[in-house]
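Trainee: Handing you this structure, nothing more for now.
The values are calculated or read from the model by the stated rules, or taken from the named source; none is laboratory data. Please read these numbers as outputs of a predicted model, since none were measured by experiment. All Cβ positions, glycine included, derive from the backbone under ideal geometry; neighbour counts span all protein chains shown. Side chains included, ligands, DNA and RNA excluded: accessible areas come from the protein's heavy atoms. Shrake-Rupley method; radii C 1.70, N 1.55, O 1.52, S 1.80 Å.
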Amino acid sequence: MLTRPFQTALKHISLATGAVVVAAAPAFAHLDPEAHGSFMAGISHPIFGLDHVLAMLAVGLWAAQIGGKAVWSVPAAFVGTMALGFVLAVSGLDLPFVEPAILASVIALGLLVATAVKLPTAACAAIVGVFALFHGHAHGGELGSAGALQFGLGFVIATALLHAAGIALGLGIARFAPAVTRILGAATAVLGLTLAFG
């Protein structure tokens, strides 16, 4: 029998998850940076790609699970390394397997949350940093002729907000039903597999 706080938390999580899924349903349906130019295209890029949304939320959930200084340093490592990947792409330096690496990040980050892996903060930051490099490269690779600075600021802000949502969700769940975070991680991994092989 589920306790009342657990039922309430589960209800809120279900509603939040449903809202995220509905909002992110058009995976890969980003605004065209060339047509829409800049900051708003940058904001929309991570928000309207289900692969990006899942990875960003998972980083926030994992950081909340780890706790301590990881709550901010792990997402910060993601954002910083993502910016580096963006600069590499805008500079014309290619990375191999960008899309497969992004899909792998969704699966791997989901599994890290599902299994509640706790490593030293530096190791966690390095793991998310590797994935972030590919996410940033994808943002830069789809830039076209839009203004790099405005577009970059947009997707950095959107990414930070998605991380913050994941952290808030993770910390909120931890107060009532920590196991739900692991369930969300497993669901993220399954959705990643669906995106990769669907």
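Trainee: Restricting to region 113-159, and then to whatever is within 18 Å of A64 (Cβ to Cβ) and of a type in the set (S, T, N, Q), can you tell me which residue is surrounded by the fewest Cβ atoms within 10 Å (Cβ to Cβ)?
Mentor: T115
Trainee: Now for a different question. Quickly run through region 168-185 and pick out the residues that are touching a Ser or Thr at 6+ places or on another chain (Cβ under 9 Å) and open to solvent by less than 80 Å² (accessible area, probe 1.4 Å).
Mentor: L169, G170, I173, A174, A177, L184, G185
Trainee: Would you point out the residue of region 74-112, among those that are hydroxyl-bearing (S, T, Y) and open to solvent by less than 40 Å² (accessible area, probe 1.4 Å), that is nearest to A132 (Cα to Cα)?
Mentor: Applying the filter and picking the extreme gives T81.
Trainee: Pick out, from region 1-97, the helices (runs of 4 or more DSSP H) lying fully within it that include 1 or more residues that are in contact with a Ser or Thr (Cβ under 9 Å, 6 or more places away or on another chain) and at pLDDT 95 or above.
Mentor: Here the list reads 50-66, 70-90.
Trainee: Can you tell me which residue is nearest to A177 (Cα to Cα) among those in region 49-96 that are in contact (Cβ under 8 Å) with a residue 12 or more places away in the chain and polar (S, T, N, Q)?
Mentor: Q65
To keep it simple, each residue is scored yes or no on (1) touching a Ser or Thr at 6+ places or on another chain (Cβ under 6 Å); (2) in contact (Cβ under 8 Å) with a residue 40 or more places away in the chain.
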{"residue": "P100", "(1), (2)": "no, yes"}
{"residue": "A104", "(1), (2)": "no, yes"}
{"residue": "T115", "(1), (2)": "no, yes"}
{"residue": "K118", "(1), (2)": "no, yes"}
{"residue": "A122", "(1), (2)": "no, no"}
{"residue": "A132", "(1), (2)": "yes, yes"}
{"residue": "H139", "(1), (2)": "no, yes"}
{"residue": "L143", "(1), (2)": "no, yes"}
{"residue": "L149", "(1), (2)": "no, no"}
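Trainee: Among G192, G154, which is within 24 Å of W72 (Cα to Cα) and part of a helix (DSSP H, G or I)?
Mentor: The match here is G154.
Trainee: Still on this structure, please answer the following. Which of (1) modelled with pLDDT of 95 or more; (2) under 23 Å from L84 (Cα atoms) is the odd one out, the single condition A168 does not satisfy?
Mentor: (2)
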